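Every number here is computed from the coordinates shown, using simple stated rules; none is lab data. Note that this is a predicted model, so its numbers are computed, not measured. Cβ placement follows ideal geometry from the backbone for every residue including glycine, while neighbour counts extend to all protein chains displayed.
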Amino acid sequence: MTGAAVYSVVQRDLLYAVIGTGVISLILSILFLFLQAPDVALTEAAIGVALTTIIFIITIRNTVRYEEDSNRHSKPASK
Amino acid sequence: MKKILVLSLLAVFGVYLAEVLFKIDFGHQFFLNGVKDFYLTASPDKLKVANVVTSIVVNFRGFDTLGEVTVLFLATTAMSSILYKGRHKLGERAVLFSSSRIVMTGSKLLFPAIILLGVYVFVHGHLTPGGGFQGGVIIATGFLLMLLSYQDYQVSHVVLSVVESLAGITFASIGLIGLLNGGTFLHNFLHTGVLNNLLSGGVIPIIYIAVGFKVGAELTGLIYTALNEKD
Amino acid sequence: MEFKLFDLSIVEYAFFVTSVLIILIGLYAALVKKTLIKIVIGLSILDAGINLLLISIGYLKAGTAPIFSPALVKNMPLTLENIKKLSEGMVDPVPQALVLTAIVIGFGVTAVALSLVIRLYRHHHTLNIDEIKNLKW
């Protein structure tokens, strides 16, 4: 889980980083199950894995995919 | 330079957090003020609800849940008003590629099963793990599947807002009836039945079903707004 | 500073250690990274770490989930003493209810933050916070 967190922070391709956060949520929900919290595990599996990931992916589709891209686009801020 | 500063800050923060946490005995009871015992005995004894988390979320701290549902509603509203860019034409969703026939047929097959699973989860919220939030999210996931695989699948905003408002009105009016009957908001005024029956717990299943519809409608609207976004 | 880090069996504290590490990683991403989406990712990682921390504080060793299921109750008559005896071995339900709320609210916050990101990108055509002059602090 810590590895997935490090991966999703270090990775410069934002799409892969978002999939890394999905993996974090998946492992987190399994840990919740071990900690005897099935309600929370169900919520985390549904929200963290499915919905958060899809919202991030929609945002990436509407903006840029690579982290370096934001440096290259050195357009002066229009207005 | 900034990185070194942040790293040292994080090191200090981590050491202090660890110092606090290593005083806690893992696996032994930490909160000793009796709240746990009260909830664990009052839930099966008075309310006849098997799932104690449900009875905390819906009944003991039900007012918080009303606030939480309101926050979700505000998030949906804020998202659609921030992203508002003039009226977009219907069916003009930006899909990168059209999906194949297998995906379309498969998601059509899966969609009723997902909706059924969501409804099952929030109807049995007081007996098994699950409840309104989980069930609502599962329903929203089903709609997400349909929206992703069909390019021209439409969800009516009018239907969504009507379902959402009706569910919200149900929640608030049950709370107000409880206030009139028993003196506290969300007082359990129905007959509570027998533990582990489907019809038990008084108003708790009704409220959780309302919460399920409300969360499902809100999240579906949120996803629909986000998916209709186009550069 | 008198906590003994190496006297304890570290496996017992694996949940605490993991959650603290994840909180720190999330904070690092939120403080250092320049891309707005990376900052939101860092915040959601931080959220996950705090949730894990709260749940693991409420854990009871060899405890059961706080559900009076038929398999647990069996044919015991549900008197007050029996309920008390069963609830001795249950984990704390209060942090679970709080975390249930926190996850849903966290999703709402993430959605609003990401819609703000889309809006900023549309206005400035960049996601770098150094180039968005209005956000400078």
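Where the eigenvalues come from the Cα gyration tensor of the range B:1-79, what are the semi-axes √(5λ) of the equivalent ellipsoid, largest first, in whole Å?
Here the semi-axes work out to 36, 26, 7 Å.
Is there a simple number for the mean count of other chain Cβ atoms within 10 Å of the Cβ of residues in B:77-84, and what is it?
Shielding by partners across B:77-84 averages 4.
Using a Gaussian network model of chain C whose springs link C-alpha atoms within less than 10 Å, name the residue from C:87, C:69, C:56 with the highest mean-square fluctuation.
Highest fluctuation of the listed residues: C:69.
Gaussian network model of chain B, Cα springs within a sub-10 Å range: biggest mean-square fluctuation belongs to which of B:206, B:174, B:102?
B:102
At 4 °C and 1.567 mPa s, what whole-number value in µm²/s does Stokes-Einstein give for the translational diffusion of the protein assembly as shown, with Rh from the Kirkwood sum over Cα pairs?
Value of D from the Cα-based Kirkwood radius: 55 µm²/s.
Label chain C by shape, choosing from rounded, prolate and oblate, from the square roots a ≥ b ≥ c of the eigenvalues of the Cα gyration tensor; if a/c is under 1.5 it is rounded, and otherwise prolate applies when a/b is larger than b/c, oblate when it is not.
Here chain C falls in the oblate category.
Normalise the Cα radius of gyration of the range A:2-67 by 2.2 N^0.38 Å (N = residues in it) and let me know the number. Present the calculation step by step, with values, prior to reporting the outcome.
Numbers: Rg = 12.8 Å, N = 66, 2.2 N^0.38 = 10.8 Å.
Here the answer is 1.19, to two decimals.
With N denoting the number of residues in the range B:2-227, provide Rg(C-alpha) divided by 2.2 N^0.38 Å, to two decimal places. The partial results should precede the final answer.
On the way: Rg = 22.1 Å, N = 226, 2.2 N^0.38 = 17.3 Å.
Rg over 2.2 N^0.38 Å, computed on Cα atoms: 1.28.
Please report, largest first and rounded to whole Å, the three semi-axes of the ellipsoid equivalent to the range B:132-218, where each semi-axis is the square root of five times an eigenvalue of the C-alpha gyration tensor.
Square roots of five times the eigenvalues give 32, 16, 7 Å.
Give me the net charge of residue A:32's neighbourhood, meaning all other residues with Cβ under 9 Å from the Cβ of residue A:32; Lys, Arg count +1, Asp, Glu -1. Intermediate values should be presented prior to the final figure.
On the way: positive: none; negative: A:39, A:44.
With Lys, Arg at +1 and Asp, Glu at -1, the neighbours total -2.
Taking a threshold of 26 Å on the Cα-Cα distance, which of the pairs B:23/B:48; B:36/C:74; B:48/C:85; C:61/C:84 fall above it?
The pairs that break the limit, which is 26 Å between Cα atoms, are B:23/B:48.
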